[in-house]
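Here's the structure we're looking at; comments come further down.
The values are calculated or read from the model by the stated rules, or taken from the named source; none is laboratory data. The structure presented is a predicted model; accordingly, all values stated were derived computationally and were not measured. Positions of Cβ are backbone-derived with ideal geometry, glycine not excepted, and every protein chain shown enters the neighbour counts. The accessibility values were calculated without ligands, DNA or RNA, using every heavy atom of the protein model including side chains. Shrake-Rupley method; radii C 1.70, N 1.55, O 1.52, S 1.80 Å.
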Amino acid sequence: MDSNTQFVEWTVADSAIGPLLLAATGQGLVNVVFHADEAVRDRAVRALATRFATEPTPATPGHGGPLEEPIRQIAAYFDGRLRAFTLPLDWSLAAGFNRQVLRELAAGVPYGTVVGYGDLAGRVGQPGAAQAVGAAMGANPLPVVVPCHRVVESGGGLGGFGGGLETKRQLLALEGVLPQPLF
C-alpha cells in the first residue's frame, strides 16, 4: 500500500436507487456499495478495513474531504444534471482482466448507451470472454460511477446485476435507455 492510501473514509449517500455507501482513499473514490442499510454498510466497512489494513473512518460532512465531490456528482447524476463522472478513482479493488474491462467500460460506454458483454470483451482484445466480462461486472467495486449497468446481453436481455435487476432497470431508465416505469 502506498502513502496515498493510508486512510479510507466512507459515508452513506441517499440516491434514487436507495442508500449508497461511498468510500475514498487518498487516490480517489474506491468503492460504491448498493442498498447500504446498516448491515450492508457494516460488512462493507469491515471488508475495506481488511483490504486496506486500516480502520475506515466516517466522513465529516461539510469539511471538504475526499467524498465531497463524489457525493455532489452522484446527486447531480440522479438529478439528471450529470452525464459523465469526472472523479479521481482508486482502482486498487480491481486487478488484471477485471480492471482492464472496467477501465474500458468507464472510458468507452457513455451515458445513454449500452454495450453487450461480448462486444466489451472484444474491445479489450478477448472476443471470446463474454462470461469473464460478466464476472468483471459482478466484481465492479465502483458501480454507477463505472457504469456496469450499461452492459447488457447481445440478444436484448438485461443480463445480471449486483445491485439487482430492478436497480439496473432504474439506472437505464434514468439514462433514457429504457422507458420510465408507469408506477
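Quick notes on this structure:
- Cβ-based charge dipole, the chain, positive-most Cα from 176, 127, 141: 127
- Angle in degrees between helix 96-108 and the longest Cα principal axis of the chain, rounded to the nearest 10: 70
- Amide hydrogen neighbours beyond the local backbone of residue 28, cut-off 5 Å, H modeled: 90
- Percent carbon-and-sulfur accessible area, the chain, ignoring ligands, DNA and RNA, probe 1.4 Å: 52
- Three-way shape label, segment 108-169, alpha-carbon gyration tensor, a/c 1.5: rounded
- Among the trypsin sites (Lys or Arg not before Pro) within segment 59-92, those in coil by DSSP and having at most 11 neighbouring Cβ atoms inside 10 Å are 81, 83.
- Seen against the Cα atoms of the chain and their longest principal axis, helix 38-52 is set at about 80 degrees.
- Per residue accessible area in Å² of segment 1-160, where ligands, DNA and RNA are left out and the probe is 1.4 Å: 47
- C-alpha long axis of helix 68-78 to longest principal axis of the chain, angle in °: 30
- Size of charge dipole - segment 1-115 - debye, nearest 20, with Cβ of Lys, Arg +1 and Asp, Glu -1, no other charges: 300
- In a reduced charge model with +1 at each Lys and Arg Cβ and -1 at each Asp and Glu Cβ, segment 69-183 shows a dipole moment near 100 debye about its Cα centre.
- The chain: most fluctuating residue of 100, 131, 73 per GNM, C-alpha cutoff 10 Å: 131
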